[in-house]
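Student: Dropping the structure in here first, questions after.
Throughout, read-outs are computed from the coordinates displayed, never taken from laboratory work. Computed from a predicted model, the values in this text were never measured in an experiment. No Cβ is skipped: glycine too gets one built from the backbone with ideal geometry, and neighbour counts run over all protein chains shown.
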Amino acid sequence: MHLKVVHRWRDIEPEHRGAAVALGEFDGVHKGHLGVIVGASKAAKALGAPLAAISFDPHPRRYFQPDAEPFRLMTVDQQARALDALGVDIFYILPFDDEMAVMSDEEFARDVLVGGLGAQHVAAGFDITFGKDRSGDPEALRRYGEAFGFSVSITERLGDKHAAKFSSSAVREALKAGQPERAAEILGRPFAIEGVVVEGQHLGRTLGYPTANVGAGDYVRPKLAVYATRTRLADGREVPGVANFGENPATGLVEARLEVFLFDFDEDLYGQTIETDLVAFLRPELNFDGLDALVRQIDLDVAQARQRLAPPF
């Protein structure tokens, strides 16, 4: 990976200062975020500076609402890979702690963006907010740029015929509605759940459909349903399959998880990290009157998933 990940804003190495910075959460790294990164990239080329992106860990929503329902679209590792693919040189993952939470917008611009990161340019979206109580906005960012010596670019609203604005919230709404295809239109790629394969109840193997099970963690909860999928293994292979995202009513488990049956595959994946794209919605999660009925439905799910994943999909 070309990208350098920096987990602080104080006392960073000189070579990691002086970048043209894209400012935002970048949860999803969707098409709206891409516009901000392009703005920073243009400035980086003009200035002869590195291209950087800023995000926060934990997400400010998790800091202020620790009991909020899961909402993330990406892990930090997924964010880093997506930004790396866009040519970003430095990924600042700033700790959102008690100090950061009470910073005014001016303090953030002066102390973090300039004093800490030495930003030469800051790119942001038209609806950017920053600082305590979200007091900072695009006009404030421009004022601080003039005062503290960095240039500013603001990306206009980006959307399509279905929505006026590409946003992380719109992706979450699409996933909750069982519309992974719409989520992919906003993201520019399928929504993917990444995690370590854990042991389940082995019911799938008993039924002839062994699954790789991954906990949902802090990911937004897509509609409880069956999906056609593509899974990337640790060694880079990509395997088509079908998955149930749910609370496993067949076994009585209540933990939300993704259970993936990989087509034409019979290898031990326990303990490995895999990443699974939700490519297409097949059906909602159902209850079954016995295991025979469940197997018949899985047979149908597999056939439908193979059809949906066949070229030229």
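Student: Between Leu47, Leu94, Leu224, where does the largest GNM mean-square fluctuation fall for the chain, given springs only between Cα atoms within less than 10 Å?
Tutor: Leu47
Student: Using 7 Å Cα-to-Cβ label points, what is the Val102/Arg189 separation (nm, one decimal)?
Tutor: Once both label points are built, they end up 4.0 nm from each other.
Student: Next question. For Ala310 and Lys161, FRET efficiency with R0 = 35 Å and r from the beta-carbon atoms, rounded to 0.05?
Tutor: 0.80
Student: By the gyration tensor of its Cα atoms, with a ≥ b ≥ c the square roots of the eigenvalues, what is the shape of the stretch 147-223: rounded for a/c under 1.5, prolate for a/b over b/c, or oblate?
Tutor: Prolate is the answer for the stretch 147-223, as a/c is 1.5 or above and a/b outweighs b/c.
Student: Another one. Please find the FRET efficiency linking Val295 to Thr273, where r is the Cβ-Cβ separation and R0 is fixed at 35 Å, and quote it to the nearest 0.05.
Tutor: 0.75
Student: Find out how many positive minus negative residues lie around Ala53, taking Lys and Arg as positive, Asp and Glu as negative, among other residues whose Cβ is under 14 Å from that of Ala53.
Tutor: Result for the neighbourhood of Ala53: -3.
Student: Can you list the residues of the stretch 7-28 with backbone N under 15 Å from a point 7 Å past the Cα of Lys42, pointing along Cα to Cβ?
Tutor: Answer for this model: 21-22.
Student: Please list, by residue number, everything in the stretch 1-44 whose backbone N is under 20 Å from a paramagnetic label point 7 Å out along Cα→Cβ of Arg142.
Tutor: 21-24, 35-44
Student: So, one more: Percent antiparallel among DSSP beta bridges with both residues in the chain, to the nearest 5?
Tutor: Percentage antiparallel, nearest 5: 60.
Student: Okay, moving on. With springs only between Cα atoms under 10 Å, which of Ser151, Ser135, Ser55 fluctuates most in a Gaussian network model of the chain?
Tutor: Ser135
Student: PRE reach from Thr129 (point 7 Å along Cα→Cβ): which of the stretch 152-169 fall under 20 Å by backbone N?
Tutor: Label zone hits: 154-158, 164-169.
Student: Taking the Cβ of Gly246 as the centre, find all other residues whose Cβ is under 11 Å away and add up their charges (Lys, Arg: +1; Asp, Glu: -1).
Tutor: Value of the local net charge: -1.
Student: Right, next: Using a 10 Å cut-off around each Cβ, can you sort Tyr92, Tyr219 from fewest to most neighbouring Cβ atoms?
Tutor: Lowest count first: Tyr219, Tyr92.
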